[in-house]
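Notes follow the structure.
The values are calculated or read from the model by the stated rules, or taken from the named source; none is laboratory data. As the structure is a computational prediction, the values presented were derived from the model and not from experiment. Quick reminder, even Gly has a Cβ in these numbers, built from the backbone with ideal geometry, and neighbours come from all protein chains shown.
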Amino acid sequence: MSKKRKWAVVEQAVFLKRIGELLSRGYPLADAIGSLSFYLDQGRKSELKSCHAQLKEGYPFFRILAELQFNKDLVSYVYFAEQHGGLAQAIAEGSDMVLKRSQDLRRMKNLVSYPVFLLFLTSILFYFVDQVLLPNFTALYQNMNVSQNMFSKVLTAVGTYMPLLLYVLLFISLAIVCYYFFLFRKHPELERRARLVQIPLAGRFFRLLNSHFFSAQLSYLISGGLSVSEALSVFEQNMHEPFSRELGRHMKQELEAGFPFDQVVSSYPFFEEELCSIVKHGQENGKLAQELYFYSRHCLLQLEGKTDRWMKAVQPALYSVIGLLIVSLYLAILLPMFQLIQGF
């Protein structure tokens, strides 16, 4: 029997997006899966046939997706959607978010891959010049009483300290890996999230992701008729996502202790600061679900904007570094030659 082929993340998102479209047209979930199976290969058809049978037996859709090793964000979207009843809209938005994230990662790879390749070739060229050409030229220039130019001095210094820098980077990388496997993973999920938002530059991205996820799921649950306490119980019962489970349990404990919900939200450093104000405003005007939904869309737009700006800055920066290295290599060799020519 052939081994099952794992679903790619983009394939998962497209599949759920089409499920959402069929659900919005009035299809029952089992019929939607059956209809989509006609457009997939034989291996996927057999998997969906099994899914169809499990749905008929009463298995939750999110659990079936978890067994198929779907992306945990998509599984969480389906889990919460099955609790509040808005399955079509929730999985459509969740799949759109995952597709956009995959597109951003693919764009980032495309933007960075060529400059990194050039940087690698330039590093090889730099090593050759520093170890072979430059010492010979330096000896020749010293014999002819030609002063060493600034670029030659810079390249010599870079060649001297570059190995040390590489060793330092290797040590830092190993320290980060050891910290992650032996210390970071042992912390509770909420503490891990709090530590991640302290990372320079990347911390804001983590806060926006957490705020988007929490506000989106809570808005769906409240709009489905649940109270805040009941919605947090749904979070607590999510066995497939540790963040939701721990967050729901901790928030319920603080609410039961008598703290207002907006103060409870403000006590978590992995959320954006304005989320507390959004919650308070929504409770005051009686439109908490709508306020949270609009805020989740705002977080998503902020994430997209920051990602685009970061990607636009990375490639020019890499090209600038490569250009400076190449120009320095040429000038370190050519300037003394011009000085020799002027001496004749």
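Taking Tyr59 as the residue in question, decide whether it is among the aromatic types (Phe, Trp, Tyr) and free of Cβ contacts under 8 Å to residues at least 40 places away in the same chain. It is true that Tyr59 is among the aromatic types (Phe, Trp, Tyr) and free of Cβ contacts under 8 Å to residues at least 40 places away in the same chain.
Criterion applied to Leu166, Leu232 was being surrounded by 21 or more Cβ atoms within 10 Å (Cβ to Cβ), without any contact (Cβ under 8 Å) to a residue 24 or more places away in the chain and assigned to a helix (DSSP H, G or I), and the one residue passing it is Leu232.
When restricted to residues that are within 30 Å of Glu93 (Cα to Cα) and exposed (fewer than 10 other Cβ atoms within 10 Å of the Cβ), the range 186-216 contains 2. Residues considered: Leu29, Leu48, Leu23. Of these, the only one that is within 28 Å of Asp104 (Cβ to Cβ), surrounded by 13 or more Cβ atoms within 10 Å (Cβ to Cβ) and out of contact with any His (no Cβ under 6 Å at 6 or more places or on another chain) is Leu23.
Checked against (1) farther than 20 Å from Phe213 by Cβ; (2) touching a residue at least 12 places away in the same chain (Cβ under 8 Å); (3) within 25 Å of the chain's Cα centre (by Cα), Ala32 passes all but a single condition, namely (3). Scanning the range 63-87 for residues that are within 18 Å of Tyr27 (Cα to Cα) and either at pLDDT 85 or above or assigned by TED's automatic domain parsing to the domain that holds Ser219 (or both) turns up just one, Val78. Being touching a Leu at 6+ places or on another chain (Cβ under 9 Å) and either over 23 Å from Pro269 (Cα atoms) or not hydroxyl-bearing (Ser, Thr, Tyr) (or both) is a property that holds for Leu209. Is it fair to say Gly323 is at pLDDT 80 or above, within 20 Å of Phe117 (Cβ to Cβ) and either out of contact with any helix residue (DSSP H, G or I) (no Cβ under 7 Å at 6 or more places or on another chain) or of a type in the set (Lys, Arg) (or both)? Yes, satisfied.
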